[in-house]
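Have a look at the structure below before the remarks.
The values are calculated or read from the model by the stated rules, or taken from the named source; none is laboratory data. All values derive from a computational prediction rather than experimental measurement. Because the Cβ atoms are built from the backbone with ideal geometry, glycine has one as well, and the counts that use them run over all protein chains shown. These area figures cover heavy atoms from the full protein model, side chains too; ligands, DNA and RNA do not enter into them. Shrake-Rupley method; radii C 1.70, N 1.55, O 1.52, S 1.80 Å.
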Amino acid sequence: MAAGFKTVEPLEYYRRFLKENCRPDGRELGEFRTTTVNIGSISTADGSALVKLGNTTVICGVKAEFAAPPTDAPDKGYVVPNVDLPPLCSSRFRSGPPGEEAQVASQFIADVIENSQIIQKEDLCISPGKLAWVLYCDLICLDYDGNILDACTFALLAALKNVQLPEVTINEETALAEVNLKKKSYLNIRTHPVATSFAVFDDTLLIVDPTGEEEHLATGTLTIVMDEEGKLCCLHKPGGSGLTGAKLQDCMSRAVTRHKEVKKLMDEVIKSIKPK
């Protein structure tokens, strides 16, 4: 009976749960799904991480290559993110060129990198005007069940913390790059941006970490990215219901708490894999 009611009147089905301050999956309105992270999952990448947020699963691989620095910024390198939502992760996506949602997610991740200054691009310069690192950050969704932006942001941060780049010197006589693979060092991660997403129901009610079904039924969504100092790095609100200042403040407070949870989880995982 309940399954039939959910199929015919999905919104009303959800409202009945929300009236009791809970959700069909048993979570409270402000509760996140179980979050797990596995760092260094891809041995062929320079850095990688796999993040699961409930069923939503994203893997991030970082590949480092050489390139000439941009002419207008000869002392900087590049960070190039790309989010891929293939048909294997959900029946809502089609094969072919990236759809709108994948493009929006790629731009969101690019904005987070730029605004949070997670890596200073000057750190990626090897020789000003001659050689710099390019970090290609490929994020692939393996299972889509809502809240893709939180999962991507976390996977990117965890993968970048896993990247080790070899020492590179320029031979003055031959002007060629010499790579010392025996001496590798971690990237200088300057900030730790963490995303927290909300869905708005019936223009007033806020729920955290929406599933794919909840996103579909919501009247709006909001994603807030904070760093460890409580600074706002990014705010993403693609249309939908408006929010009052008080509601926005509530979201910011929840985002600060979420940052501590994610940072603690990541630190524990990194500590467990680093050689004693």
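For region 150-276, taking Cα atoms only, what is the radius of gyration to one decimal and the Dmax to the nearest whole Å?
20.1, 69
Translational D (Stokes-Einstein, µm²/s) of region 71-139 at 37 °C and 0.692 mPa s when Rh comes from the Kirkwood sum over C-alpha pairs?
Answer from the Stokes-Einstein relation: 241 µm²/s.
Please give the helix 100-116 orientation as an angle from the longest Cα principal axis of the chain, in degrees from 0 to 90, rounded to the nearest 10.
Around 60 degrees separate the two axes.
At a threshold of 8 angstrom on Cα-Cα distance, excluding pairs fewer than six apart, so keeping six or more, what relative contact order does region 27-273 reach in percent?
21
With 5 Å bins from zero, work out the P(r) of region 169-218 over every alpha carbon pair and list the percent per bin.
The percentages, shortest bin first, are 4, 14, 13, 9, 7, 7, 7, 7, 6, 8, 8, 7, 3, 1.
Roughly speaking, what is the centre-to-centre gap between region 67-108 and region 166-229 when only Cα atoms are used, to the nearest Å?
Using only Cα atoms to place each centre, the spacing works out to 13 Å.
In region 135-232, which GluC sites (Glu not before Pro) fall in coil by DSSP and have 11 or fewer other Cβ atoms within 10 Å?
Qualifying residues, ordered by number: GLU172, GLU173, GLU229.
At 1.4 Å probe size, with the rest of the protein present, what percent of the exposed accessible area of the chain is carbon and sulfur atoms?
52
Across the Cα atoms of region 1-99, what radius of gyration and what greatest pairwise Cα-Cα distance (Dmax) are found, in Å?
Using the Cα atoms of region 1-99, the pair Rg, Dmax is 20.9, 66 Å.
Distance in nm between label sites at VAL104 and SER91, each 7 Å beyond Cα in the beta-carbon direction?
2.2
Compute, for ARG27, the solvent-accessible surface of its heavy atoms (probe 1.4 Å) with the complete set of protein chains present, and express it in square angstrom to the nearest 10.
10
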